Amino acid sequence: MSPTRRLLGALALGALAAAPAAAQQYPTRPISIVVPFAAGGPTDTVSRLVAEVMGRDLGQNVVVENVGGAGGTLGANRVAQARPDGYTLLLHHIGMATTPALYRRLPYDPVNGFEPIGLITEVPMTLIARPDFPANTLAEAVAVMRQRRDQLNYANAGIGAASHLCGLLLMSRIEAAMTTVPFRGTGPAMQEILGGRVDLMCDQTTNTTEQIRARAVKVFAVTTRERVSALPDVPTAAEAGLQGLEVTIWHGLYAPRGTPAPVIQRLSQALQAALRDQRLITRFNELGTAPVAQDQATPAAHRAFWLAEIEKWRPLIQAAGQYAD
Ligand code: ASP
């Protein structure tokens, strides 16, 4: 064999050996989790809790980076285009399942652009209003929404966001459309509700529980079949007389497509360890939610769940003729 061929052969072998070695040593530097919504909102809250505990398990800092806007698609695009080396991840929500049907022109592939790492939690939603909203029960609020639909505004985090889906469902159930005001996330939207500048919002308990308990906002219902233990006095929408307002919002963790399988496995182990962490469980419970079972926080289980969710939402979105672009 010529020296050149020997050298090329050695280089090829070296490259093959280097890939698993890099994966074995992973991670050797801080990891970034992109949150596709603004700081201070529910996706951000879940991400910061998970990032801190995963960082301990991985022996590296896991930092949260907020890239909000366009219903979560700006942040998702950032991750889809990132190097698939395990140092840039995405923590998103149900928008991962609605985006493929809602957006026809995206600069990334909303399904094949990612490797799922695991499901994290399923969070109830709450229908809340500014503190001086002129209603105290869901029935009164629905009457106000019907009478004053032209003057009322409803906050959301852009098309495809959880708050958007819940708002769509609400408006179709009560047959009254309100003006929607989009934000880069429901963290900033909450500030507007607290300040009385926006009327209504439907958002995850991870953003609303503390404000509800402090009576800083009004609450009319939780969107789950059962009451939420962190908010025992808040009726379900069905109990309060409105059928069909049922939505829970899941969060999952993703890496860009092409991230090596051993890296995905390591991240999934760290995620599962985080979901067993007692402080994280307690904090999730205080915020009206809980981690999913360990066997749902795996790449294979999350892929199956996520693909099923895409198929669940696609016909509903198409039938509603809803497109974001
Ligand atoms: N809860 C928001 C939504 O409506 C997003 C967020 O800020 O986490 O999807």
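Quick look at the values:
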{"item": "25 °C / 0.890 mPa s Stokes-Einstein diffusion coefficient of the chain, Kirkwood radius on C-alpha pairs, µm²/s", "result": "119"}
{"item": "Alpha carbon centroid spacing (whole Å) that separates the stretch 62-133 from the stretch 157-200", "result": "18"}
{"item": "Solvent-accessible area, 1.4 Å probe, carbon plus sulfur percent, for the chain", "result": "52"}
{"item": "Proximal charge balance of Val62 [Cβ under 14 Å; K/R count +1, D/E count -1]", "result": "-1"}
{"item": "In sequence order, calculated HN-Hα J values of the stretch 241-252 (Karplus, 6.51, -1.76, 1.60; Hz; x Gly/Pro)", "result": "x, 10, 7, x, 9, 10, 8, 10, 10, 8, 10, x"}
{"item": "DSSP-assigned coil residues among GluC sites (Glu not before Pro) in the stretch 115-221, each with at most 11 further Cβ atoms within 10 Å", "result": "Glu175"}
{"item": "Built amide H within the under 5 Å cut-off of Thr121, gap 5+", "result": "His251, Val292"}
{"item": "Largest-first ellipsoid semi-axes for the stretch 124-222, taking √(5λ) over the Cα gyration tensor eigenvalues, angstrom", "result": "17, 16, 12"}
{"item": "Within a Gaussian network of the chain (alpha carbon springs, distance under 10 Å), most fluctuating of Thr99, Thr223, Thr28", "result": "Thr28"}
{"item": "Of all DSSP beta bridges in the chain, antiparallel share, percent nearest 5", "result": "60"}
{"item": "Mean ellipticity per residue at 222 nm, deg cm²/dmol - from DSSP H runs of n ≥ 4 across the chain, formula -39500 (n - 2.57)", "result": "-14000 deg cm²/dmol"}
{"item": "Probe 1.4 Å, protein heavy atoms only - accessible area per residue of the chain in square angstrom", "result": "43"}
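The values are calculated or read from the model by the stated rules, or taken from the named source; none is laboratory data. All figures in this text were calculated on a predicted structure; none of them were measured in a lab. Reconstructed Cβ throughout: ideal geometry from the backbone, glycine too, with neighbour counts over all protein chains shown. Side chains are part of the model used for accessible areas, which takes the heavy atoms of the whole protein and leaves out ligands, DNA and RNA. Shrake-Rupley method; radii C 1.70, N 1.55, O 1.52, S 1.80 Å.
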